[in-house]
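Read-outs throughout are calculated quantities, based only on the coordinates presented, and are distinct from any laboratory measurement. Treat the numbers as computed from the prediction; the structure is a model and nothing was measured. Here the Cβ positions follow ideal geometry from the backbone for every residue, glycine too, while neighbour counts run over all protein chains shown.
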Amino acid sequence: NNEQIAGMSIMEVIMKMTYIFSTDKNEDAAIIFDEAKGFEDTAQGQFLIEDSLRKGRANMTDIYLVTQAFMDYDREDKKELLSYKFAFRPNQKEAQEKVLHFFGMESN
């Protein structure tokens, strides 16, 4: 449909700009994926984020994955690509314990 075509077109532009502006190690660059989970729910978005994480580390580009739930990235294959983590404290005790585990901390 038209929304899918528009979305894919925008994704192609984002991918191209990512490759242009985040490959020079001598320049400071950052890529911010707001609502990253929405991107990762598409094949192109998943490829873009994973490729950016891997190339970003090699090219010294800061990659920010902004999501509403830390659990979106609470997987070993994702955590090994993350250098810094930030999360707001959840209200539920069980979620608090999970977020501590996500950061490699013990509940106390």
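Take segment 1-50 and flag every residue that is among the polar types (S, T, N, Q), in a helix (DSSP H, G or I) and touching a strand residue (DSSP E or B) at 6+ places or on another chain (Cβ under 9 Å).
T18
Could you look through segment 51-71, keep only residues that are under 9 Å from the mean Cα position of the chain (by Cα) and surrounded by fewer than 15 Cβ atoms within 10 Å (Cβ to Cβ), and pick out the one that is nearest to E94 (Cα to Cα)?
V66
Just give me the residues in segment 53-81 being assigned to a loop (DSSP other than H, G, I, E, B) and touching a residue at least 24 places away in the same chain (Cβ under 8 Å), in sequence order.
Just the residues of segment 53-81 that are assigned to a loop (DSSP other than H, G, I, E, B), to begin with: 60-61, 67-69, 74-75, 80-81.
Within segment 53-81, M60, T61, T67, Q68, A69, D74, L81 meet the criteria.
Identify the residue in segment 82-108 that is among the aromatic types (F, W, Y) and not in a helix (DSSP H, G or I) and, among all such residues, is farthest from K55 (Cα to Cα).
F88
One residue is enough: does segment 19-29 have a residue meeting the conditions closer than 29 Å to F103 by Cβ and among the aromatic types (F, W, Y)?
Scanning segment 19-29 turns up no residue that is closer than 29 Å to F103 by Cβ and among the aromatic types (F, W, Y).
Taking L48, is it more than 16 Å from F33 (Cα to Cα), among the hydrophobic types (A, V, I, L, M, F, W, C) and surrounded by 15 or more Cβ atoms within 10 Å (Cβ to Cβ)?
Working: more than 16 Å from F33 (Cα to Cα): no; among the hydrophobic types (A, V, I, L, M, F, W, C): yes; surrounded by 15 or more Cβ atoms within 10 Å (Cβ to Cβ): yes.
When the stated conditions are applied, L48 does not pass them.
Can you name every residue in segment 11-26 that is among the β-branched types (V, I, T) and either exposed (fewer than 11 other Cβ atoms within 10 Å of the Cβ) or over 17 Å from the mean Cα position of the chain (by Cα) (or both)?
Answer for segment 11-26, where residues must be among the β-branched types (V, I, T) and either exposed (fewer than 11 other Cβ atoms within 10 Å of the Cβ) or over 17 Å from the mean Cα position of the chain (by Cα) (or both): V13, I20, T23.
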